[in-house]
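Rule-based calculations on the coordinates, nothing more; no lab input. Bear in mind the structure is a predicted one, so any value in this text is a computation, not a measurement. Here the Cβ positions follow ideal geometry from the backbone for every residue, glycine too, while neighbour counts run over all protein chains shown.
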Amino acid sequence: MHDPRDHETLALLRDSIRRYIEKEIVPKAAAWEEQGFVPREVLREMGRLGFLGLRYAEEHGGGALDARATAMLAEELGRSTFSGFAITVLVHTDMASPHLVNAGTPAQIAKYLPKIVAGEAITAVAVTEPDAGSDVKSIRTSARREGGEWVLKGSKMFITNGALADLYFVAAKTEPAAGARGVSMFIVEKGAPGFSVGRKLEKMGWRSSDTAELVFDGCRIPAENLLGEENRGFYAIMKNFQNERMAIAAMAMGEAQKAIELTLEYVKTRKAFGAPLWDKQAIRQRLSMLAARVEAGRQLVRRCAELDAAGGDCVKEVSMAKAYCAELLNEVVYDCLQFHGGFGYIRESAIERMYRDARVQTIGGGATEVMLEEVAKRL
């Protein structure tokens, strides 16, 4: 059983995060969509408020909470309607920095984690490559030991926070012939010799999220920047996918819930044929069913968070949640845009942006098809 005080803490934290987003993020985020990134000072402010280290130890400035905090934070970020902002934060808090916490040495954690929690060092995780996405074992970026250094060669693609990050957790092959058993993780700091940011990528959605290509051209890092055990990186990546996919599922349900709320506002005031759209039985019944399914998705995510918090293996449940919630989000925003009519198709309307942003969520963090195969293995 969880302490009831945990629920009170999360409820207070949820209220605090929601107020902050409504006051400080929503009025400003349209400008970030235009510039293509979230300003660094936003993450520093979120760090000062204690929002970036909810699950990390208090000694490093964290909140010492569990996976339920991840689900809550992700849902509230999704409700902002600016998913580019949401994913910028979630990659930092729940997709990149956990690699350090889960596998780092005490010295590595002491060196980097306080700055990460404070929002002073932005993080990114670099696994995906032009020819390897969900199939992690097929990455080609290599790392070889030369004396007191590791030398990395290769490139990474579609890296969130790619241009703005200060700290990258990079997957590379240390035993190229060994497949999954030959992958290691490394800490690469911005400015490392031989490391550069290639193209910044223009995207259909998540436009306030900085996404870039990374190039490792004989990049040299100290030997102590190996993260975790050599040749055990694949298992570290798989372990963190559980957290990453739960965060994306929770974010999707925050977005879907907000889309329904915005659409309810619209159809109750917009008149057609002499009466509000809400008076049309087909519209109100469709929104009712979508609301029921979103609530089911939220409860599935919460179940995943509770299993994770209890230390259980929830790969099946998380894979279900990632597949179900991402597909459902796309269904929700499709219908919500339809019910907005022509207004829903106008650029700068919240529902138009949400429609574009939603599409990638059946791809990023593990495509729906990959998730369903993970479920099938466990049925």
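Taking other C-beta atoms within 10 angstrom as a stand-in for reagent exposure, Asp308, Asp279 fall in the order Asp279, Asp308, fewest first.
A Cβ-based charge dipole, computed about the Cα centre of the chain with Lys and Arg at +1 and Asp and Glu at -1, lands at about 620 debye. Would you be so kind as to identify which of Met246, Ala177, Val294 lies farthest towards the positive end of the dipole of the chain, taking Lys and Arg as +1 and Asp and Glu as -1 on Cβ and the Cα centre as origin? The Cα lying farthest towards the positive end belongs to Val294. The orientation-averaged projection of the convex hull spanning the C-alpha atoms of the stretch 234-378 amounts to 9.4 square nanometres.
For the stretch 258-363, the list of trypsin sites (Lys or Arg not before Pro) that fall in a loop by DSSP and count at most 13 other C-beta atoms within 10 angstrom reads Arg347.
By the Cα gyration tensor, the chain has an equivalent ellipsoid whose semi-axes, rounded to whole angstrom, run 36, 21, 20 from largest to smallest. Please give, to one decimal in nm, the separation of the simple spin-label points placed at Lys111 and Tyr334, each 7 Å out from Cα toward the Cβ. My value for the distance between the label points is 4.9 nm. With the helix formula -39500 (n - 2.57) applied to DSSP H stretches of n ≥ 4, the chain reaches a computed 222 nm mean residue ellipticity of -16000 deg cm²/dmol. For the stretch 82-99 and the stretch 133-186, what is the separation of their Cα centres, given in Å? After rounding, the separation between the Cα centres reads 20 Å.
Within the stretch 124-230, the proportion of C-alpha pairs whose separation exceeds 22 Å stands at 26%. Centre-to-centre separation between the Cα atoms of the stretch 337-379 and those of the stretch 8-60: 23 Å. Calculated on the Cα set of the stretch 173-322, radius of gyration then Dmax: 22.9, 73 Å. For chymotrypsin sites (Phe, Trp or Tyr not before Pro), the sites in the stretch 194-285 that DSSP calls loop and that have at most 10 other Cβ atoms within 10 Å are Phe273. Scanning the chain for DSSP H helices at least 27 Å long along the axis (C-alpha atoms) with a Kyte-Doolittle mean no lower than 0.0 picks out 233-269, 315-340. On a per residue basis, the convex hull of the C-alpha atoms belonging to the stretch 4-121 measures out at 94 Å³. Among the GluC sites (Glu not before Pro) found in the stretch 108-208, those both in a DSSP coil and sparsely packed, with 16 or fewer other Cβ atoms within 10 Å of their Cβ, are Glu120, Glu202.
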